[in-house]
1. Given +1 on the Cβ of Lys and Arg, -1 on the Cβ of Asp and Glu, and no further charges, what dipole in debye does the stretch 35-153 carry about its Cα centre, rounded to the nearest 20?
2. Name the residues whose placed amide hydrogens come within less than 5 Å of the amide hydrogen of residue 37, ignoring near sequence neighbours (fewer than 5 apart) on the same chain.
3. Given a Förster distance of 41 angstrom, what is the FRET efficiency for residue 110 paired with residue 28, based on the Cβ-Cβ distance and rounded to 0.05?
4. Collect residues whose amide H, placed 1.01 Å from N in the peptide plane, falls under 5 Å from the amide H of residue 60; neighbours closer than 5 in sequence don't count.
5. Excluding residue 86 itself, calculate the net charge of residues whose Cβ lies under 12 Å from the Cβ of residue 86, where each Lys or Arg counts +1 and each Asp or Glu counts -1.
6. Go through the stretch 138-150 residue by residue and turn each phi into a ³J(HN,Hα) via Karplus (6.51, -1.76, 1.60, θ = phi - 60°); whole Hz please, and just put x for glycine and proline.
7. Going through the cross-link list 48/102; 57/121; 102/154; 63/131; 76/131, which pairs have a Cα-Cα distance over 23 Å in this structure?
8. Name the long-range amide H neighbours of residue 70: under 5 Å, sequence gap of 5 or more, or other chain; modelled H, no Pro or chain starts.
Amino acid sequence: MLGAVRFVLTGMIFALFVVGCEKETTINYEVTPTFVSEAEDFVGIEGKVGFLNNNFKENEFEKTVWHFWGESDEIKGVVRVEGTHLETGEKFPILLNGPNLKNATWEFNNGFTQPNLGATKTMPSYVGFEKSGLWEVSVYLNNNHLGEFILEVK
């Protein structure tokens, strides 16, 4: 009986040791492939939201026109964009109220403009990223998650 208890305890200790020594898994993120609308390359979520494929640089802003696809009467209200720097896991607001990184905001309620390049509606803004690397961009429309995509900031 004592031998069986030792065997079980030894097995449990060994299992804990093996679990504790497992290598940390590394997730390899890849930039989301672009998609085409009216002969233009977009980065984003095909059929939902995207913008022209820009070359973003760390600590610089870019004027960006967000393009939204879908039912016209459903594309209205507040747009929220969350940027996550994938190396650090930090979340940042990447929408800018004007051409300055200090004007970062999580949400826009500035209204939408006309259709363009096959999209149902558009929304101009500035966008900026504080760090280089891969970023996950999550987009919400009236608290409805449209999805996310990954882009590279140089």
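1. Values: 9 positive and 18 negative charges, 77 e Å.
The dipole of the stretch 35-153 has a size of about 380 debye.
2. 42
3. 0.65
4. Result for residue 60 returns 129.
5. -4
6. Per-residue couplings from phi come out as 9, 10, 10, 10, 6, 6, 9, 6, 7, x, 9, 9, 10 Hz.
7. Details: 48/102 28 Å; 57/121 26 Å; 102/154 19 Å; 63/131 18 Å; 76/131 31 Å.
Pairs exceeding the cut-off: 48/102; 57/121; 76/131.
8. Residues meeting the criterion, in which the H sits 1.01 Å from N, are 120.
No value in this document is a laboratory result; all are computed from the given coordinates. Every value quoted in this text rests on a predicted model; they were computed, and no experiment measured them. Note: ideal-geometry Cβ built from the backbone for every residue, glycine included; neighbour counts use all protein chains shown.
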